[in-house]
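*Asks:* My questions will all concern the structure given below.
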Amino acid sequence: MSLDIHLKQTKLLKKKFTFDDITNALDGYAYGISDVGFILTDLDGDFEDKYIIFYDPKKIGRGFTLQYISSERAIDLNLNVPCTYHDIEDFYECTKRLCKMMGIQKFEHDGETLTLEDIPEKVKYTMNWVGNVLDSFVKDEKFGYTFGAIYPLHVEEKFMQSIMDLDEENKVIAFEEYLHEKQNQDLYYAKARVYKINDERLVGFFTLSEGVDSIFPDEPALPIMSDDLDISDWYIGIVSFDGEPHLEGNIAFNTLKEVLDLSSLPRFDESHFIITLDQKQIEQLRPHFVEI
């Protein structure tokens, strides 16, 4: 489910906007684009026609996407639901700012034409609707992965249970706090890469680096919504910063789990934990390094 807004210029001669025009209008918001693993990365190169995520770094939720349609010199905005109250406020606040930038008073919102004066009532209606949607998601146990502004999150069962009996408003508030807490951390999200070995078999690789706080999966898997590939084996490349950064060696995924005690490590979400390798742990792993 999502909300969609289309902003188009009404003048015969339509102005071409630069990315600086947009970011100046949306001052205070951070932005980036999602990579193949739905992890936020820096915008590299041209911005036109790309889906760019904007979010408030002071209250990180799901954010919203902005696409500048170069052929029309128009802007599309999209907000996924369920989201947070702050996401909704940001979505409509940025709609107002962009309308001002484009010199328009009306916009298309999910098939209907609205004016700037309609926004306060639309915010109120959307907040109520989102509360209903989130409540049904929790009660029907529909949550799996939620794509946050920065990271994909596999929402934890214990969190779901903790908000089960809250009213709709407090469910949304708790969800907002949960998303911000998870994403307001400087972490490396370890995602799988696939390589073909000797033109025969496909192997999956993760990377763990010494001293880098990393989000790491309980079980190896390709990024969400990836093609279904036949992976024969999974490995982890261990990188050390003892001197120049270098690859110490590769270890089988399950072997790392057998050698290191991971049970006490903090959880990131339902299927990921947070690990920070140190030199002592690397030495524990060294006898188990393998050639690939």
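The values are calculated or read from the model by the stated rules, or taken from the named source; none is laboratory data. Since this is a predicted model, take the numbers as computed values, not measurements. As a convention, Cβ positions derive from the backbone with ideal geometry for all residues, glycine included, and neighbour counts pool all protein chains shown.
*Asks:* Would you confirm, using the coordinates I've provided, whether ILE274 is modelled with pLDDT of 95 or more and either in contact with a Ser or Thr (Cβ under 8 Å, 6 or more places away or on another chain) or surrounded by 15 or more Cβ atoms within 10 Å (Cβ to Cβ) (or both)? Give the derivation first.
*Replies:* Numbers: modelled with pLDDT of 95 or more: yes; either in contact with a Ser or Thr (Cβ under 8 Å, 6 or more places away or on another chain) or surrounded by 15 or more Cβ atoms within 10 Å (Cβ to Cβ) (or both): yes.
For ILE274, the condition - modelled with pLDDT of 95 or more and either in contact with a Ser or Thr (Cβ under 8 Å, 6 or more places away or on another chain) or surrounded by 15 or more Cβ atoms within 10 Å (Cβ to Cβ) (or both) - is met.
*Asks:* Going by the conditions given, is ILE150 at pLDDT 95 or above and either under 17 Å from ILE224 (Cβ atoms) or of a type in the set (Val, Ile, Thr) (or both)? I'd like the intermediate steps shown before the answer.
*Replies:* Values: at pLDDT 95 or above: yes; either under 17 Å from ILE224 (Cβ atoms) or of a type in the set (Val, Ile, Thr) (or both): yes.
The answer is yes for ILE150.
Matching residues to (1) within 16 Å of ILE150 (Cβ to Cβ); (2) at pLDDT below 95; (3) in a loop (DSSP other than H, G, I, E, B):
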site: GLY204; (1), (2), (3): no, yes, no
site: ILE215; (1), (2), (3): yes, no, no
site: GLU219; (1), (2), (3): no, yes, yes
site: PRO223; (1), (2), (3): yes, yes, yes
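*Asks:* Could you list, in sequence order, all residues of segment 225-243 that are part of a loop (DSSP other than H, G, I, E, B), of a type outside the set (Ser, Thr, Tyr) and out of contact with any Leu (no Cβ under 9 Å at 6 or more places or on another chain)?
*Replies:* In the first step, residues of segment 225-243 are kept if they are part of a loop (DSSP other than H, G, I, E, B); the result is 225-230, 241-243.
When the remaining residues are screened for being of a type outside the set (Ser, Thr, Tyr), the result is 225, 227-230, 241-243.
Those that are part of a loop (DSSP other than H, G, I, E, B), of a type outside the set (Ser, Thr, Tyr) and out of contact with any Leu (no Cβ under 9 Å at 6 or more places or on another chain): MET225, ASP227, PHE241, ASP242, GLY243.
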